[in-house]
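What follows is a single structure, written as structure tokens, with notes after it.
The values are calculated or read from the model by the stated rules, or taken from the named source; none is laboratory data. In this text the structure is predicted, and so the values were computed from the model without any measurement. Here Cβ is always computed from backbone atoms with ideal geometry, including for glycine, and neighbour counts include all displayed protein chains.
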Amino acid sequence: MTVAIEMGQTTAGAAAAMDLEELLATRLLVQGNSGSGKSHLLRRLLEQSAPWVQQAVIDPEGDFVTLAERFGHLVIEAEDHTERGLQVAGERARLHRVSTVLNLEGLDAENQMRRAAAFLGGLFDVDRDHWYPMLVVVDEAQLFAPAVAGEVSDEARKLSLGAMTNLMCRGRKRGLAGIIATQRLAKLAKNVAAEASNFLMGRTFLDIDMARAADLLGMERRQAEAFRDLERGQFMALGPALSRRPLRLNIGPTDTHARNSTPRLMPMPEALEDMRAVILAAPPPDASRPQRRPAPDLLEQLRAAKAAAPEIEPVVAEVTVSAEEVAERRERVDRTLRAVLAAPDAGFRAIGVLYQEFVVRCRIEGLGAAVPDLNDFRRMLTHARAGLGADIADDDAWQEVTLRASILPDDMQGVFMMIARAAKEAWPCPGDAAIARAYGSHSLRRAQRLLGYMEEQGLIVCQLDGAGRRIVTLVELAWATAPGDPNADDIPAEPSAASV
Ligand SMILES: Nc1ncnc2c1ncn2[C@@H]1O[C@H](COP(=O)(O)OP(=O)(O)O)[C@@H](O)[C@H]1O
Ligand SMILES: [Mg+2]
């Protein structure tokens with residue numbers, strides 16, 4: 001599957017597309033003087049790709065917080081959190097695949113650097129199980145990867161430059177695609193700029209920036225003179241995700257707008273009558289500094305954002321269908337899923353591969369228009385792998401389990417539900433092999449880590465009895481599994497449940 005992001009039009013009027021998968025692999029550098037339209041360009045890119053890929057925006061000016069309303073991004077006010085808090089937030093955002101905007105507005109340079117570094121560090125350091133592709137957009141990147149030491153402490157500069165270098169040089173393997181914008185190429189650390197293979201060059205005046213741009217693009221300096229003539233919103237595109245030859249394009253419009261866009265001229269108001277009295281009145285008593293809001297609970301926010309996220313899937317034409325038709329389709333979709341999972345190695349195949357096969361079978365079944373998207377498929381698979389049938393959905397206590405499961409990343413939910421089911425029915429606790437399998441993995445260590453993670457999240461308590469058998473108790477619901485041998489062979493708790 002290739003996803004083409006439409007950035008705008010070439011000067012000849014053709015659609016100018018960017019290949020998203022290629023972009024993920026080859027990164028992007030945007031440069032242009034202040035007012036050339038870089039932030040607008042980034043916004044266009046973020047809006048167009050939002051339905052397809054997780055995003056994080058490092059936003060020094062609070063320009064991008066307006067993405068939240070329309071696209072469900074979680075806005076993190078960097079001011080309200082410690083570095084440690086932001087690092088953990090970065091990890092969790094990755095774990096839960098929540099798109100975020102890190103608003104650094106109002107912080108001094110030192111703190112902008114430190115907090116951006118902490119958050120980027122969290123994205124970067126997450127366990128390899130969660131290396132899903134993700135766009136990481138850094139606006140005004142010269143603030144975070146300055147070419148020369150500025151007024152900030154050496155430590156802050158080192159942290160921030162290190163995080164940016166990691167993002168651009170080592171992020172790819174971890175699924176992180178760096179997209180950086182700068183108004184002054186000459187002010188951006190060379191090693192950070194050098195890792196991008198795609199360029200969008202906007203209006204540039206200073207010779208030194210033009211020379212750097214020409215070097216990066218492998219152009220004659222004379223040719224780079226053309227950057228002077230670009231208009232606002234016009235960029236020269238070059239790179240594997242864009243165009244093989246320098247291509248001039250106009251960036252298209254955006255759905256959302258910066259909260260604080262360029263100030264516009266407004267007619268002057270009527271002259272103020274008592275201007276001396278109004279402007280020079282005695283200042284109010286020096287009130288103690290305004291109370292700071294308590295730091296919002298990030299996990300709560302993540303949960304809420306996650307719940308809101310599915311609403312931004314690409315718009316599909318609505319067709320009215322009767323309830324019976326829906327039920328009948330559902331049943332056929334379920335049947336198709338069972339068929340896909342019946343293959344002996346289905347438990348260990350990559351989700352993308354399973355989904356491909358599922359889509360093909362759905363088409364053969366005549367379900368073309370009703371094929372669940374990848375996200376729905378992931379959820380269905382989670383349930384199916386955990387051995388849950390349709391009957392369980394009506395159970396009240398079970399609703400509680402589903403609610404609790406929702407704080408876990410999608411791919412862990414099935415495992416949690418499998419254990420919850422065993423606890424509810426007082427079946428023996430599933431062994432490590434069964435848990436790993438429900439997670440789509442062969443790794444017993446991973447199964448153990450999963451249980452550890454759920455315990456840390458306060459969902460379960462694991463205990464061993466005298467004979468080394470494991471008992472898992474669900475917190476609050478107080479259902480407990482019967483003791484089960486962690487090393488038991490891969491026998492599902494209830495044999496018939498294995499067939500979905
Ligand atoms: N392609 C475009 N179409 C319409 N308006 C644009 C376009 N590019 C930029 N603008 C407008 O021009 C102004 C400056 O753009 P901005 O993206 O903030 O510049 P930069 O980030 O490079 O300083 C903003 O008000 C923005 O809305
Ligand atoms: Mg800008």
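The single condition among (1) within 18 Å of the chain's Cα centre (by Cα); (2) closer than 25 Å to Asn191 by Cβ that Glu83 does not satisfy is (1). Figure legend. Inter-residue proximity from the range 254-275: first residues under 30 Å from Met7 (Cβ atoms), second residues more than 16 Å from ligand 2 (Cβ to nearest atom) and at pLDDT 75 or above, beta-carbon distance below 8 Å, spacing 6+ or different chains. Indicated pairs: Asp255/Arg70; Thr256/Glu69; Thr256/Arg70; Thr256/Phe71.
Residues that are in a helix (DSSP H, G or I) and within 15 Å of the chain's Cα centre (by Cα) within the range 130-174 comprise His130, Leu167, Arg172, Arg174, listed in sequence order. Looking across the range 1-34, the residues that are within 16 Å of ligand 2 (Cβ to nearest atom) and among the aliphatic types (A, V, I, L, M) come down to Leu28, Leu29, Val30. Val75: touching a Lys or Arg at 6+ places or on another chain (Cβ under 8 Å), outside any helix (DSSP H, G or I) and more than 16 Å from ligand 1 (Cβ to nearest atom), yes or no? When the stated conditions are applied, Val75 does not pass them.
Pairs are defined by a Cβ separation below 9 Å, a sequence spacing of at least 6 or placement on different chains, a first member in the range 56-73 that is surrounded by 24 or more Cβ atoms within 10 Å (Cβ to Cβ), and a second member that is among the aromatic types (Phe, Trp, Tyr); the pairs so defined are Ala56/Phe119; Val57/Phe64; Ile58/Phe119; Ile58/Phe144; His73/Phe64. Any idea which residue in the range 12-37 is surrounded by the most Cβ atoms within 10 Å (Cβ to Cβ), counting only those that are free of Cβ contacts under 8 Å to residues at least 12 places away in the same chain and within 16 Å of ligand 1 (Cβ to nearest atom)? Here the residue is Ala15.
For residues that are within 15 Å of ligand 2 (Cβ to nearest atom) and closer than 10 Å to Ala147 by Cα, tally how many sit in the range 186-207. Matching residues across the range 186-207 total 2.
Please enumerate the residues belonging to the range 46-67 that are more than 12 Å from ligand 1 (Cβ to nearest atom) and either out of contact with any Lys or Arg (no Cβ under 9 Å at 6 or more places or on another chain) or in a loop (DSSP other than H, G, I, E, B) (or both). If the condition is that a residue be more than 12 Å from ligand 1 (Cβ to nearest atom) and either out of contact with any Lys or Arg (no Cβ under 9 Å at 6 or more places or on another chain) or in a loop (DSSP other than H, G, I, E, B) (or both), then Leu46, Gln48, Ser49, Ala50, Pro51, Trp52, Val53, Gln55, Val57, Ile58, Gly62 are the ones that fit.
Does the range 440-458 contain any residue that is in contact with a Lys or Arg (Cβ under 7 Å, 6 or more places away or on another chain), modelled with pLDDT of 80 or more and assigned by TED's automatic domain parsing to the domain that holds Val475?
Kept after step one, since they are in contact with a Lys or Arg (Cβ under 7 Å, 6 or more places away or on another chain), are these residues of the range 440-458: 440.
From the residues that got through so far, the ones that are modelled with pLDDT of 80 or more too are none.
Within the range 440-458, none of the residues are in contact with a Lys or Arg (Cβ under 7 Å, 6 or more places away or on another chain), modelled with pLDDT of 80 or more and assigned by TED's automatic domain parsing to the domain that holds Val475.
Of all the listed residues (Glu105, Glu140, Glu110, Glu155), the sole one being on the phi > 0 side of the Ramachandran plot and surrounded by fewer than 24 Cβ atoms within 10 Å (Cβ to Cβ) is Glu140.
Filtering the range 86-106 to residues that are over 21 Å from Arg128 (Cβ atoms) and at pLDDT below 95 leaves Glu105, Gly106. Exactly one residue out of Ala423, Ala434, Ala488, Ala467 is of a type outside the set (D, E, K, R), modelled with pLDDT of 90 or more and more than 27 Å from the chain's Cα centre (by Cα), and it is Ala423. In summary, Trp479 fulfils each of the numbered conditions (1) at pLDDT 80 or above; (2) surrounded by fewer than 16 Cβ atoms within 10 Å (Cβ to Cβ) with the single exception of condition (2). Looking at Asn198, is it of a type in the set (S, T, N, Q), under 31 Å from the mean Cα position of the chain (by Cα) and buried (at least 21 other Cβ atoms within 10 Å of the Cβ)? Spelling it out, Asn198 is indeed of a type in the set (S, T, N, Q), under 31 Å from the mean Cα position of the chain (by Cα) and buried (at least 21 other Cβ atoms within 10 Å of the Cβ).
It is to be established whether one or more residues within the range 233-240 are modelled with pLDDT of 85 or more, more than 16 Å from ligand 2 (Cβ to nearest atom), in a loop (DSSP other than H, G, I, E, B) and not aliphatic (A, V, I, L, M). Yes - at least one qualifying residue is present in the range 233-240. Of the candidates Pro253, Pro246, the single residue that is modelled with pLDDT of 85 or more, within 30 Å of Ser197 (Cβ to Cβ) and outside any loop (DSSP other than H, G, I, E, B) is Pro246.
Within the range 212-225, how many residues are farther than 17 Å from Asn198 by Cα and either in a helix (DSSP H, G or I) or touching an Asp or Glu at 6+ places or on another chain (Cβ under 8 Å) (or both)?
4
Select from the range 35-52 the residues that are more than 8 Å from ligand 2 (Cβ to nearest atom) and among the basic types (Lys, Arg) and list them in ascending order. Passing the criteria: Arg43, Arg44. Annotation for the range 461-477: no member residue is part of a helix (DSSP H, G or I) and among the small types (Gly, Ala, Ser).
Whether a residue is outside any loop (DSSP other than H, G, I, E, B), over 17 Å from Leu477 (Cβ atoms) and polar (S, T, N, Q) was assessed, and Gln448 passes this test. Is it fair to say Thr204 is surrounded by 14 or more Cβ atoms within 10 Å (Cβ to Cβ) and over 17 Å from Val136 (Cβ atoms)? The answer is yes for Thr204.
Arg385 falls short on exactly one of the conditions (1) modelled with pLDDT of 80 or more; (2) buried (at least 17 other Cβ atoms within 10 Å of the Cβ), and that condition is (1).
Here are Arg70, Arg114: which of them is modelled with pLDDT under 95, of a type in the set (D, E, K, R), more than 14 Å from ligand 2 (Cβ to nearest atom) and assigned to a helix (DSSP H, G or I)? Just a single option satisfies the conditions, and that option is Arg70.
In the range 88-101, the count of residues that are crowded, with 21+ Cβ neighbours inside 10 Å and within 15 Å of ligand 2 (Cβ to nearest atom) is one or more. Consider Arg43 carefully, then state whether it is in a helix (DSSP H, G or I) and away from ligand 1 (no atom under 12 Å from the Cβ). Considered against the rule, which asks whether it is in a helix (DSSP H, G or I) and away from ligand 1 (no atom under 12 Å from the Cβ), Arg43 comes out as no.
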